[in-house]
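For reference, the structure discussed in these notes is given below.
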Amino acid sequence: MRLFVGLDVSSFDMKGCILDQEGSKADTFTVSNDLPGATVLKERILGLAKGRRVESVKIGLESTSVYSFHPSMFLHYDEDLKVFDTQVFVINPKQIANFKKSYSDMNKTDEIDAFVIADYVRFGRNQMSIVKESQYVALQQLTRSRYHLVKMMTKEKQHFLQHLNFKCSNFSQEVDSSAFGNAMMDLFLERYSLEELAQMPLDELAAFLQEHGKNRFSDPDKVAASIQRAVRSSYRLDKVVEDSMDLLLGTSIELIRSFQKQIKEIDKAISRLMTGLSQTLETIPGIGPVYAAGIIAEIGQIERFEDESKIAKYAGLYWRKHQSGRFTAEDTSLSRQGNEYLRYYLVEAANSVRRQIPEYREFYQRKCLEVPKHQHKRALVLTARKLVRLVDALLRKHQVFAQERCVKI
């Protein structure tokens, strides 16, 4: 006999419904969404399982961010529940909502939602795989935080360049060097006025750049000269405005450096976790530690997915068919659902891989020629879909990509 448990989870409680394999209600209850409440939930499941000689227990709950995380992990790791071959499923709320439409005239209550979730798990179709092991959860939190930090740093760099354009309108046209290097940022932090920079002896400016750039400029005199050309040809600001721009530039620099420091610390933590995971994605030319960690963190243990098509669907890399009678639409849009983080890392990795592996480069170019519009975006997404098959094969079979080692990013 099997039991199917549906949990409707909120921030403060969990509504539960337990069905047997025939779909009859064995128990309904409400417990608090905390450790004591989860313990009560566990005991009720165990009580039914022992009394009915249950062989397996399947527990389903909607994916509701942090509200569902703790109970799902508690139930997944509980040793007493493992005796009954317990599996815990975290399900996309949209799947539950669509499934509920098959029940006509059903009210909307938490108790009913728990029943629908239990029945959904009982039917066992299109459900999400078991929850991730703890090392993948930890890695996911790190890679997602890194993703958001990079996004925030990119936005702050845009603000910095906007303020720099006010301060020195010709900088980007004249200076052939990144504005985000240590030397350049230190120069802006000094809050020199344009007139002070224009009158500064060239050798003094070059020495400043070389010292703060840690001797990384191949020709500091040339860079210093380009800065002075930019300064002398730029518009002059009223002192009140220039002082404001200096303050904003300094604030942006501090924020950017803070983001860089935090990203570096997160990268160290990611590296430590990755050493404990068996994976071969970094053997693919073009996939380095950042992309590999992001992909693995979102997929988790590969056994969570039946095959590569399930991974692609989870990432939202699929196209719905549109057919009616004898008509089949040739132009259909990409699904807007799925895991945005996994989709991002797969698409970015595909963009890198297609530059390194001839097979992927040719596939990308062929797809570009198939349509007159949005060639790059479409071809890149299709290349990412192709990459999913390779990622799945390497992770599932623990194989190494057999090709000469190329430069990775």
Study note, to complete from the structure: For His376 the rounded accessible area (nearest 10 Å², probe 1.4 Å, non-protein molecules ignored) is 90 Å²
Check your understanding: Given the C-alpha centroids of segment 243-285 and segment 119-192, what is the distance between them in whole angstrom?
Key -> 8 Å
Review point. Of Ala225, Tyr235, Gln262, which is farthest on the positive side of the dipole of segment 157-280, counting Cα position, with +1 on Lys and Arg Cβ, -1 on Asp and Glu Cβ, and the Cα centre as origin?
Key: Gln262
Exercise for review: Please give the residues of segment 354-395, grouped as numeric ranges, whose backbone N is less than 12 Å from a label point set 7 Å along the Cα-to-Cβ vector of Ser278.
Suggested key: 395
Review point. Which residue fluctuates the most in the chain, going by a Gaussian network model with Cα springs under 10 Å, if the choices are Gly124, Gly286, Gly316?
Key: Gly124
Study note, to complete from the structure: So Asp176 and Asp238, fully extended at 0.36 nm per residue minus their Cα-Cα distance, gain in nm 19.6 nm
Practice item. Using only Cα atoms, tell me the angle between helix 375-397 and the longest principal axis of the chain; keep it within 0 to 90° and round to the nearest 10. Key: 60 degrees
Point to revise | Inter-label distance for Ile263 and Ser309, nm, one decimal - labels placed 7 Å from Cα along Cα-to-Cβ | key: 3.9 nm
Exercise for review: Take the alpha-carbon positions of the chain, form their convex hull, and give its projected area averaged over all directions (one quarter of the hull surface) in nm².
Suggested key: 28.2 nm²
Review point. Nearest 20 debye, what's the magnitude of the dipole of segment 10-53 about its Cα centre given +1 on Lys and Arg Cβ and -1 on Asp and Glu Cβ?
Key: 180 debye
Practice item. Identify which of Lys264, Lys42, Lys50 has the largest mean-square fluctuation in a Gaussian network model of the chain, with springs joining Cα atoms closer than 10 Å. Key: Lys50
**Study point:** Förster radius 30 Å - calculated FRET efficiency between Gln135 and Lys214, Cβ distance, rounded to 0.05
**Key:** 0.20
**Study point:** For the chain, calculated [θ]222 nm from helices alone, where every DSSP H run of n ≥ 4 adds -39500 (n - 2.57)
**Key:** -19000 deg cm²/dmol
**Study point:** Accessible surface of segment 38-125 [probe 1.4 Å, protein heavy atoms]: carbon and sulfur percent
**Key:** 50 percent
Exercise for review: Run the dipole for the chain about the Cα centre, Lys and Arg Cβ at +1, Asp and Glu Cβ at -1, nothing else charged, and hand back the magnitude in debye, nearest 20.
Suggested key: 1520 debye
Exercise for review: Compare the Cα positions of Phe69, Ile96, Phe115 along the charge dipole of segment 57-119 (+1 at Cβ of Lys, Arg; -1 at Cβ of Asp, Glu; about the Cα centre) and return the one farthest towards the positive end.
Suggested key: Ile96
Revision key, fill the gap. Descending accessible area (1.4 Å probe), largest on the left, turns Arg385, Arg191 into Arg191, Arg385
Review point. Considering the zone a paramagnetic label at Lys82 would reach in this model (a point 7 Å from Cα along the Cα-to-Cβ line), which residues of segment 55-69 have amide N under 19 Å from it?
Key: 55-59
Study note, to complete from the structure: Toy charge model, Lys and Arg Cβ at +1, Asp and Glu Cβ at -1: segment 204-254 dipole around Cα centroid in debye, rounded to 20, equals 260 debye
Study note, to complete from the structure: Looks like segment 190-257, by Cα gyration tensor root eigenvalues a ≥ b ≥ c and the a/c under 1.5 rounded cutoff (else prolate when a/b is bigger than b/c, oblate otherwise), is oblate
Point to revise | Which of Thr251, Thr64 is most accessible, then next, and so on - probe 1.4 Å | key: Thr251, Thr64
Review point. Picking from Gln199, Tyr314, Gln21, whose Cα lies most toward the positive end of the charge dipole for the chain (charges on Cβ: Lys, Arg +1; Asp, Glu -1)?
Key: Gln21
Practice item. Count the DSSP beta bridges whose two residues both fall in the chain, then state the antiparallel fraction as a percent rounded to the nearest 5. Key: 60 percent
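The values are calculated or read from the model by the stated rules, or taken from the named source; none is laboratory data. Given the structure is predicted, the values throughout are model-derived calculations rather than measurements. In this analysis, Cβ positions are derived from the backbone assuming ideal geometry, glycine residues included, and neighbour counts consider all displayed protein chains. The accessibility values were calculated without ligands, DNA or RNA, using every heavy atom of the protein model including side chains. Shrake-Rupley method; radii C 1.70, N 1.55, O 1.52, S 1.80 Å.
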